[in-house]
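*Asks:* Mind looking over this structure? Questions follow.
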Amino acid sequence: MNATVVYNGAYPMRGYNELGNETLFEPSPDHGGSGKVATPMEIFLQSAAACSMVDVISILEKKRKHITDLKIFVESERANDHPKVFTKVKFRYELTSPDAELADLERSVELSMEKYCSVSGTLKKSGCEVKYESVVKRS
């Protein structure tokens, strides 16, 4: 896996994967960003949620459960001193489904967070406290 990030004298920076897909980045407004594009740390949190969501969707589909809507809300805390790593991250999974039970979602999340998701694994191996909770709503 390879990636490239390019800065052409103005924000946003443009990141590209090997297929040429683009991701925009910029610093927070207090460091020169416009506030219209996510920061690298925000994108890292989004990546963790997206990584886990892919797993959860796959596991629920294998259980033949229907997904009307799935959202993951992420809250985080960072160290005060540089490099200001994440110290705590909490994921809240909200599934809307006509047939999935809370136990189905909880098991899917557990498998993702404890076994499959590389991004949450990276957080944990860095010493970050990672927690998660699940909620199922009927559609």
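*Asks:* Only one of the values [x] 55; [y] 46; [z] 50 was calculated from this structure for percent of Cα pairs over 20 Å apart; name its label.
*Replies:* [x]
*Asks:* Kyte-Doolittle mean at least 0.5 and Cα extent at least 27 Å along the axis: which DSSP H helices of the chain qualify? Kindly include the intermediate steps, with their values, before the conclusion.
*Replies:* On the way: long enough: 40-62 (33 Å, 0.96).
Flagged H segments are 40-62.
*Asks:* Where both residues lie in region 33-139, what percent of DSSP beta bridges are antiparallel, nearest 5? Display every interim value, and only then the final one.
*Replies:* Values: 10 of 19 bridges.
Roughly 55 percent of the DSSP beta bridges within region 33-139 come out antiparallel.
*Asks:* Just add up the charged neighbours of K88: K/R +1, D/E -1, any other residue whose Cβ is under 12 Å from the Cβ of K88. Walk me through the intermediate numbers first.
*Replies:* Working: positive: R78, K90, K124, K131; negative: E75, E77, E129.
Taking every other residue near K88 into account, the sum is +1.
*Asks:* Suppose only helical runs count, i.e. DSSP H with n ≥ 4. What mean residue ellipticity at 222 nm does that imply for the chain under -39500 (n - 2.57) per run, divided by all residues and rounded to the nearest 500 deg cm²/dmol?
*Replies:* Helix-only estimate at 222 nm: -9500 deg cm²/dmol.
*Asks:* Treat the count of other C-beta atoms within 10 Å as a stand-in for reagent exposure and order S120, S139 from fewest to most.
*Replies:* Details: S120 23, S139 13.
Listing S120, S139 from fewest to most nearby Cβ atoms yields S139, S120.
*Asks:* Out of region 8-52, which GluC sites (Glu not before Pro) are coil in DSSP terms and have no more than 16 other C-beta atoms within 10 Å?
*Replies:* Numbers: sites: E18, E22, E42; in loops: E18.
Qualifying residues, ordered by number: E18.
*Asks:* About the Cα centre of the chain, how large is the charge dipole given +1 on each Lys and Arg Cβ and -1 on each Asp and Glu Cβ? Please answer in debye to the nearest 20.
*Replies:* Working: 19 positive and 20 negative charges, 38 e Å.
It comes to approximately 180 debye.
Just so you know, all these numbers are worked out from the coordinates, no wet-lab data involved. The structure presented is a predicted model; accordingly, all values stated were derived computationally and were not measured. Neighbour counts run over all protein chains shown; Cβ positions are idealised from the backbone, glycine included.
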